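The values are calculated or read from the model by the stated rules, or taken from the named source; none is laboratory data. None of the values given here were measured: they were computed from a predicted structure. FYI the Cβ positions are ideal-geometry reconstructions off the backbone, even for glycines, and counts take in every protein chain you see. Quick note on the areas: whole protein, heavy atoms, side chains included, nothing else; ligands and nucleic acids left out. Shrake-Rupley method; radii C 1.70, N 1.55, O 1.52, S 1.80 Å.
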Amino acid sequence: MTTDIIWGILIPLLGTTLGATFVFLLRKELSLSVNRMLTGFAAGVMVAASVWSLLIPAIEQSSQMGRWSFVPAVIGFWVGILFLLLLDKIIPHLHAGAVAPEGPKSHLQRTTMMVLAVVLHNIPEGMAVGAIYSGLLGGSSSVTAAGALTLSIGIAIQNVPEGAIISMPLKSAGMGKPKAFLMGVLSGVVEPIAAVLVLVASAVLLPVLPYTLAFAAGAMIYVVVEELIPEMSEGPHSNIGTIFFAVGFSVMMMLDVALG
């Protein structure tokens, strides 16, 4: 079980690392259309994971509340939204394609703030993995080993384009390939860290597992709506981002239902 949990925590980072290797394989920065496709796909995966892997188990975990079983999910969801809103306000960061940074004024370099934007994005993903493995360790009937692994794999799949989206612009900005690769990988290190922190606190969190699962879902939905959807819609009108959102959503939904 311990080995399975370690692998489950590390799998998303492997996805980011794989994506960051694109900096050695591709000569030019990803085109706008490809960026839209990858961002839309990542958004679709995150929304599907939030619903099937987190919110539905949160509601099932509260089934003893009868018609009020939605309450922990709604509360946890909103706390997750507000938590990411707070981080969004206190961490200086720069989204891909944006002209001005967000958060407090800072003298950090643009490349550093681009990495911080992805770090901010990755925190809820790591928390989601930690929350679902906390449920597995606690013997929750609504969380299975296959379901937890499916969530990790789904996040890893959408982390592949994220690794490329952070490392390729850094190379285009003048950073050397090895350093751009390293920065891409480091942007994903926050995920296992966040997962471990949630696991360490699992003894405290287990009695409120439905809230924790929904919290992670709310945090991921915030990232999708605040960051990914605007990025996949950037520039001249195109449906490609929407199509790949549906592709990502479908892939994660199929994985979760078939394997979870």
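Descriptive notes on the structure:
- The label-point distance for Ala146 and Lys105, in a model that sets each label 7 Å from Cα toward Cβ, rounds to 5.6 nm.
- Solvent-accessible heavy-atom area per residue, rounded to whole Å², over the chain at 1.4 Å: 45 Å²
- In this view, the solvent-accessible surface of Val208, computed with a 1.4 Å probe and all protein chains in place, comes to about 60 Å².
- The residues neighbouring Leu149, those whose beta-carbon lies less than 14 Å from its own, together hold a net charge of -2 under the Lys/Arg +1, Asp/Glu -1 convention.
- Charge tally for Arg36 (other residues, Cβ to Cβ under 13 Å; Lys, Arg +1; Asp, Glu -1): -2.
- Of all lysines in the structure, those lying under 26 Å Cα to Cα from Lys177, and not within fewer than 8 positions of it along the same chain, are Lys28.
- For the set Arg36, Arg110, the ranking by accessible area, highest first and with no ligand, DNA or RNA atoms included, is Arg110, Arg36 under a 1.4 Å probe.
- The 3J(HN,Hα) values that the Karplus relation (6.51, -1.76, 1.60; θ = phi - 60°) gives for the stretch 233-249 are, in residue order, 9, 5, x, x, 4, 7, 9, 4, x, 5, 4, 6, 4, 5, 4, x, 4 Hz. Gly and Pro appear as x.
- Zone of Lys177's modelled label, taken as backbone nitrogen in the stretch 28-66 under 12 Å from a point 7 Å along Cα→Cβ: 28
- Distance between the 7 Å Cα→Cβ label points at Lys89 and Ser69: 3.5 nm.
- Radius ratio Rg over Rh of the chain, counting only Cα atoms, Kirkwood formula for Rh: 0.97
- Dipole magnitude for the chain: computed about the Cα centre from +1 point charges on Lys and Arg Cβ and -1 point charges on Asp and Glu Cβ, it is near 520 debye.
- Counting only protein heavy atoms and using a 1.4 Å probe, the accessible area of Trp7 comes to about 140 Å².
- In order along the stretch 146-156, the phi-based Karplus estimate (6.51 cos²θ - 1.76 cosθ + 1.60, θ = phi - 60°) of 3J(HN,Hα) comes to 5, x, 5, 5, 4, 4, 4, 5, x, 5, 4 Hz; Gly and Pro are listed as x.
- Excluding same-chain neighbours fewer than eight residues apart, the aspartates and glutamates reachable from Lys105 by a Cα-Cα span under 16 Å are Asp88.
- Simple label model, 7 Å out from Cα along Cβ direction - His237 to Val225, nm: 2.4 nm
- Qualifying aspartates and glutamates (Cα of each under 19 Å from Cα of Lys171; at least 8 residues distant if same chain): Glu29, Glu162
- Where only DSSP H runs of four or more residues are counted, the chain gives -24000 deg cm²/dmol as its mean residue ellipticity at 222 nm, each run worth -39500 (n - 2.57).
- Within-12-Å neighbourhood charge of Gly241 [Cβ basis; K, R +1; D, E -1]: -1
- Residue-span extension gain [Val189 to Trp7] - 0.36 nm each, minus C-alpha spacing: 64.1 nm
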